[in-house]
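Before any comments, here is the structure.
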């Protein structure tokens with residue numbers, strides 16, 4: 001009973017702090033760029049069932065990246081309204097400093113109270129921080145690639161990512177896949193199929209594995225035959241309504257590998273390979289998350305369907 | 001029928017569900033035991049290390065190699081995976097943050113198994129302790145599609161068997177129910193026919209089941225009804241005829257007196273005498289009909305010990321004038337102990353009727369011999385005459401109402417055709433029997449047997 005009362009007082013106090021923080025954010029934002037953004041705050045789930053982490057969604061008016069990161073962490077440190085969720089941060093924990101590197105790694109320096117956490121509780125707090133910050137996706141135009149956590153300026157230089165976190169059994173259930181990957185043959189001007197076997201967990205998207213294999217290229221006569229330029233980076237992939245959206249950086253546009261008819265063997269290597277998946281019919285390429293048009297590639301702004309005429313018989 | 005089909009569906013559903021749930025529970029319990037045992041074995045093997053690091057854990061685990069198709073993780077207290085038994089998609093170095101691990105790191109064993117997508121997904125987690133301190137956890141995961149498929153195939157086969165059984169049961173039930181309904185309908189039709197007065201209609205019977213027994217009983221009942229109805233009709237017809245004859249005579253005699261104005265007083269007196277005799281006859285007939293009706297009703301009466309021999313001697317005395325009139329000798333050979341439990345008037349009626357018949361249907365100069373005795377618990381009363389006898393074809397009918405062997409002679413002697421019926425009815429009332437036969441030396445013999453009454457010790461008769 002006492003604990004419940006104490007929890008209620010804590011929640012009231014947290015709500016007051018939250019309102020003040022939001023008001024400050026709004027007021028400070030009035031003088032600068034104002035943007036409404038939906039953010040997800042990670043908390044610990046105390047319900048009997050489900051995963052350890054759960055999220056609440058908030059709409060925030062934000063200005064710059066650091067302020068946004070500070071704001072979401074402040075929210076993560078306050079008790080949520082949902083009584084089945086709880087904040088794992090010790091009381092009076094503050095963010096002493098926060099930096100975002102050029103490569104998208106956010107370094108968060110918590111006050112010494114954070115250091116009182118240990119064992120699995122510390123891990124839960126670390127990942128509440130990581131999941132909350134990764135929920136922002138981009139800060140000041142930079143994609144978040146990792147989070148480094150310091151306590152009072154001290155700590156290991158370990159970079160956390162959500163990929164390092166196992167929260168469900170989906171990561172443990174393995175399945176064997178056989179992919180048919182189409183590699184361009186510059187000499188013949190056709191795509192050549194090659195089978196690859198992989199074991200993936202249910203949490204892993206097979207389409208990402210297909211793109212990764214193509215990004216690595218094919219080993220031929222001791223040398224790697226690249227499909228994309230060495231500077232090209234695969235950023236992200238999503239599948240909606242049987243359309244696979246593959247997101248690359250700008251360098252992906254290099255090395256078009258056109259055949260005699262002006263069709264890009266590179267693009268169709270991805271399209272035909274991804275369309276081998278039963279749940280993909282079309283592929284759309286994105287550059288830095290945007291649809292762009294290109295003179296080198298015909299119809300690059302739209303979606304592609306597989307072209308069997310390019311496959312070597 | 002819909003209700004019956006519904007019941008079958010419910011039963012089939014239960015038959016399908018219960019074994020599956022039991023099998024599922026059994027499998028889950030087996031998994032719980034196996035997985036927690038394995039996890040605890042790993043835990044106890046690792047507890048000797050006192051502190052955990054990836055290499056040492058891997059060394060111990062390679063020695064164990066006991067996890068079969070499952071996947072074993074070993075974590076430190078922070079949930080960092082130090083060992084993952086899977087070679088592909090190995091998660092070593094990742095952080096495992098799941099309710100199962102939290103439970104284990106709190107010092108508790110954990111097990112959860114769910115049957116999803118035709119497979120068992122099970123998780124077990126146990127703490128790794130040293131001197132009471134938790135310094136890691138073992139997490140055991142298993143995705144068992146094989147047992148799931150086994151359960152699924154069991155479900156499928158149960159479904160097939162249940163469907164076949166349900167269809168068979170339904171078909172057989174339909175068959176039986178329609179046959180039963182048809183037979184009951186036949187019975188209802190038969191009851192309707194009999195209710196409408198068609199007593200000759202019989203329900204069709206087949207087999208020896210309860211419906212057939214009911215039909216048999218019904219047929220028996222309607223047979224008796226038919227017989228009774230026939231007897232009633234015959235009786236009414238006979239009674240009407242018997243009553244009509246004297247009435248017609250009375251009318252004729254009365255009309256003669258009325259129409260013949262010049263009739264002498266002597267003739268009138270003769271005619272009135274005849275009318276009086278016809279009225280006496282009518283009275284006699286109606287009295288006997290009333291006696292028979294009383295016997296038919298069979299009101300419960302108190303019977304008393306009656307000495308048949310005494311009654312025979314009294315009847316003989318009463319009939320002596322008639323015997324003298326016909327010049328027939330009456331002789332009685334009676335045993336004193338011939339006792340029966342009856343009414344004295346009833347026994348007198350029996351004996352008197354039989355002896356009167358023996359006199360009336362005898363030859364002048366003949367004899368009537370009455371014999372009473374007791375044998376084998378029965379009191380016998382035998383009336384022999386030296387008369388005309390009874391034709392063999394009539395022997396079985398002479399006790400029927402209004403049946404006469406020689407109608408002209410019977411009326412002439414003042415017979416009503418009811419005397420022997422009254423005898424039989426009365427004898428039966430006392431639990432006895434009466435039968436008639438022809439004597440070899442000529443004449444008829446009537447034999448009456450009634451259970452003998454014996455005085456119990458201390459009882460006076």
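Cβ-Cβ distances below 8 Å connect the following pairs, each with a first residue in the range A:227-241 that is more than 17 Å from residue A:271 (Cβ to Cβ), a second residue that is modelled with pLDDT of 90 or more and assigned to a loop (DSSP other than H, G, I, E, B), and a separation of six or more residues or different chains: A:231/A:249; A:233/A:249; A:235/A:249. Total residues in the range B:420-457 satisfying the condition of being assigned to a loop (DSSP other than H, G, I, E, B) and either under 23 Å from residue B:390 (Cα atoms) or under 42 Å from the mean Cα position of the chain (by Cα) (or both): the figure is 12. Exactly one residue among A:173, A:240, A:226, A:186 is within 18 Å of the chain's Cα centre (by Cα) and either more than 14 Å from every other protein chain (Cβ to nearest Cβ) or at pLDDT below 85 (or both), and that residue is A:240. Of all the criteria given as (1) in a loop (DSSP other than H, G, I, E, B); (2) under 29 Å from residue A:262 (Cβ atoms), the one not satisfied by residue A:184 is (1).
Quick check on the range A:145-167. Is at least one of its residues under 30 Å from residue A:272 (Cα atoms), surrounded by fewer than 20 Cβ atoms within 10 Å (Cβ to Cβ) and touching a strand residue (DSSP E or B) at 6+ places or on another chain (Cβ under 8 Å)? The answer is yes, given that some residue of the range A:145-167 is under 30 Å from residue A:272 (Cα atoms), surrounded by fewer than 20 Cβ atoms within 10 Å (Cβ to Cβ) and touching a strand residue (DSSP E or B) at 6+ places or on another chain (Cβ under 8 Å).
Where strands (runs of 3 or more DSSP E) fall wholly inside the range B:279-348, the ranges with 2 or more residues that are at pLDDT 90 or above and surrounded by fewer than 16 Cβ atoms within 10 Å (Cβ to Cβ) are B:304-307, B:329-333. Select, from B:150, B:105, B:112, the only residue that is surrounded by fewer than 23 Cβ atoms within 10 Å (Cβ to Cβ) and either in contact with a strand residue (DSSP E or B) (Cβ under 7 Å, 6 or more places away or on another chain) or in contact (Cβ under 8 Å) with a residue 12 or more places away in the chain (or both). Sole residue among the options that is surrounded by fewer than 23 Cβ atoms within 10 Å (Cβ to Cβ) and either in contact with a strand residue (DSSP E or B) (Cβ under 7 Å, 6 or more places away or on another chain) or in contact (Cβ under 8 Å) with a residue 12 or more places away in the chain (or both): B:112.
Only a single item in (1) at pLDDT 85 or above; (2) surrounded by fewer than 17 Cβ atoms within 10 Å (Cβ to Cβ); (3) more than 22 Å from the chain's Cα centre (by Cα); (4) more than 30 Å from residue B:144 (Cβ to Cβ) is not met by residue A:267, and it is number (2).
Scanning the range B:16-42 for residues that are over 26 Å from residue B:66 (Cβ atoms) and surrounded by fewer than 16 Cβ atoms within 10 Å (Cβ to Cβ) yields a total of 5. Kindly establish whether residue A:163 is free of Cβ contacts under 8 Å to residues at least 12 places away in the same chain, closer than 24 Å to residue A:236 by Cβ and more than 14 Å from chain B (Cβ to nearest Cβ). It is false that residue A:163 is free of Cβ contacts under 8 Å to residues at least 12 places away in the same chain, closer than 24 Å to residue A:236 by Cβ and more than 14 Å from chain B (Cβ to nearest Cβ). When residue A:182 is tested against (1) touching a residue at least 60 places away in the same chain (Cβ under 8 Å); (2) closer than 17 Å to residue A:72 by Cβ; (3) surrounded by 18 or more Cβ atoms within 10 Å (Cβ to Cβ), exactly one condition is not met: (2).
Just one of the listed residues (B:102, B:112) is more than 60 Å from the chain's Cα centre (by Cα), at the interface with chain A (Cβ under 10 Å from one of its Cβ atoms) and not in a loop (DSSP other than H, G, I, E, B), and it is B:102. Selection of first residues in the range A:295-309 that are closer than 15 Å to residue A:262 by Cα and of second residues that are exposed (fewer than 14 other Cβ atoms within 10 Å of the Cβ), restricted to Cβ pairs under 7 Å at least 6 apart or on distinct chains, gives the following pairs, ordered by first then second residue: A:298/A:262; A:300/A:292; A:300/A:293.
The residues in the range A:47-66 that are buried (at least 18 other Cβ atoms within 10 Å of the Cβ), at pLDDT 85 or above and not in a strand (DSSP E or B) can be counted, and the count is 1. Looking at the range B:369-377, can you tell me whether even one residue there is in a strand (DSSP E or B), on the phi < 0 side of the Ramachandran plot, out of contact with any strand residue (DSSP E or B) (no Cβ under 8 Å at 6 or more places or on another chain) and surrounded by fewer than 22 Cβ atoms within 10 Å (Cβ to Cβ)? Looking for residues that are in a strand (DSSP E or B), on the phi < 0 side of the Ramachandran plot, out of contact with any strand residue (DSSP E or B) (no Cβ under 8 Å at 6 or more places or on another chain) and surrounded by fewer than 22 Cβ atoms within 10 Å (Cβ to Cβ), one finds at least one in the range B:369-377, hence yes. Report yes if residue B:148 is over 27 Å from residue A:158 (Cβ atoms), within 14 Å of another protein chain (Cβ to nearest Cβ), within 60 Å of the chain's Cα centre (by Cα) and in a helix (DSSP H, G or I), otherwise no. Answer is yes for this residue. Tell me which residues, restricted to the range B:56-80, are within 9 Å of chain A (Cβ to nearest Cβ) and without any contact (Cβ under 8 Å) to a residue 24 or more places away in the chain. Across the range B:56-80, the qualifying residues are B:78, B:80.
For residue A:120, the stated conditions hold: it is closer than 26 Å to residue A:152 by Cβ, within 14 Å of chain B (Cβ to nearest Cβ) and touching a helix residue (DSSP H, G or I) at 6+ places or on another chain (Cβ under 7 Å).
Conditions: (1) under 24 Å from residue A:38 (Cβ atoms); (2) within 14 Å of another protein chain (Cβ to nearest Cβ); (3) touching a helix residue (DSSP H, G or I) at 6+ places or on another chain (Cβ under 9 Å). Residue A:155 meets all but one. Number of the miss? Tallying (1) under 24 Å from residue A:38 (Cβ atoms); (2) within 14 Å of another protein chain (Cβ to nearest Cβ); (3) touching a helix residue (DSSP H, G or I) at 6+ places or on another chain (Cβ under 9 Å), residue A:155 fails exactly one: (1).
Identify all residues within the range B:116-143 that are surrounded by fewer than 19 Cβ atoms within 10 Å (Cβ to Cβ) and either within 14 Å of residue B:29 (Cα to Cα) or more than 12 Å from chain A (Cβ to nearest Cβ) (or both); write none if there are none. If the condition is that a residue be surrounded by fewer than 19 Cβ atoms within 10 Å (Cβ to Cβ) and either within 14 Å of residue B:29 (Cα to Cα) or more than 12 Å from chain A (Cβ to nearest Cβ) (or both), then B:118, B:129, B:130, B:131, B:132 are the ones that fit.
The rows are residues; the columns are (1) under 30 Å from residue B:228 (Cα atoms); (2) outside any helix (DSSP H, G or I).
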position	(1), (2)
B:135	no, yes
B:139	no, yes
B:163	no, no
B:184	yes, no
B:193	yes, no
B:197	yes, yes
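The values are calculated or read from the model by the stated rules, or taken from the named source; none is laboratory data. As the structure is a computational prediction, the values presented were derived from the model and not from experiment. Ideal geometry is used to build each Cβ from the backbone, glycine not excepted, and the neighbour counts take in all protein chains shown.
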